[in-house]
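Working notes, beginning with the structure itself.
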Amino acid sequence: MQTEVFVDILRKIKGIEDKDGVYTLADGWDMTVHLGSPGRALVVRKVRAVRIDGPLITLDSTESGSIYCTCSDVSVVTAEEAMAARGARAGFG
């Protein structure tokens, strides 16, 4: 994915704030970033912040720590409001 496309996607996420090239997710939001290609993929869950420095990015995840890659490694980005933040109870989503 091109850097400009990745930044455009991040800017469309309602629960994200941009501060000097660091995109931070608000509490109650979950983001997952899929890296690589079919057969050689890595899924980074619970991304809390994304730092962009040219073509290089750092994904800070509460589950995986810091992941370093290039924007061209990114294939899919998903973001959603966590169930607890939506007021949903487990099993009743």
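The values are calculated or read from the model by the stated rules, or taken from the named source; none is laboratory data. Computed from a predicted model, the values in this text were never measured in an experiment. In this analysis, Cβ positions are derived from the backbone assuming ideal geometry, glycine residues included, and neighbour counts consider all displayed protein chains. What goes into the accessible areas is simple: the full protein's heavy atoms, side chains included, and nothing from ligands, DNA or RNA. Shrake-Rupley method; radii C 1.70, N 1.55, O 1.52, S 1.80 Å.
Averaging 1/r over each pair of different alpha-carbon atoms in the stretch 1-45 and inverting the result gives 11.9 Å, the Kirkwood hydrodynamic radius.
First select every other residue whose beta carbon is under 14 angstrom from the beta carbon of Thr62; then total the charges, Lys and Arg +1, Asp and Glu -1. Taking every other residue near Thr62 into account, the sum is -1. Taking only the C-alpha atoms of the chain, the Rg (one decimal) and the largest Cα-Cα distance, Dmax (whole number), read 13.4, 43 Å.
Return the carbon/sulfur percentage of the accessible area of the chain, one whole number, probe 1.4 Å, all protein chains in place. List each step's numbers first, then the result.
Details: 3000 of 5910 Å².
For the chain, the apolar C and S fraction of the accessible surface comes to 51 percent.
Working note: 222 nm ellipticity from helices only, DSSP H runs with n ≥ 4, each -39,500 (n - 2.57), summed and divided by the residues of the chain, gives -4000 deg cm²/dmol to the nearest 500. Computed from phi, the 3J(HN,Hα) profile of the stretch 18-28 under the Karplus parametrisation 6.51, -1.76, 1.60 (θ = phi - 60°) reads 9, 9, 6, x, 10, 9, 10, 7, 5, 4, x Hz, with x in place of Gly and Pro. The residues of the chain have, on average, 64 Å² of accessible surface per residue, using a 1.4 Å probe with all protein chains present. Taking θ as phi - 60° and the Karplus parameters 6.51, -1.76 and 1.60, the scalar couplings of the stretch 40-45 work out to 9, 10, 10, 9, 10, 9 Hz in sequence order, x denoting glycine and proline. Computed from Cα atoms, the angle from the helix 3-12 axis to the main principal axis of the chain rounds to 20 degrees.
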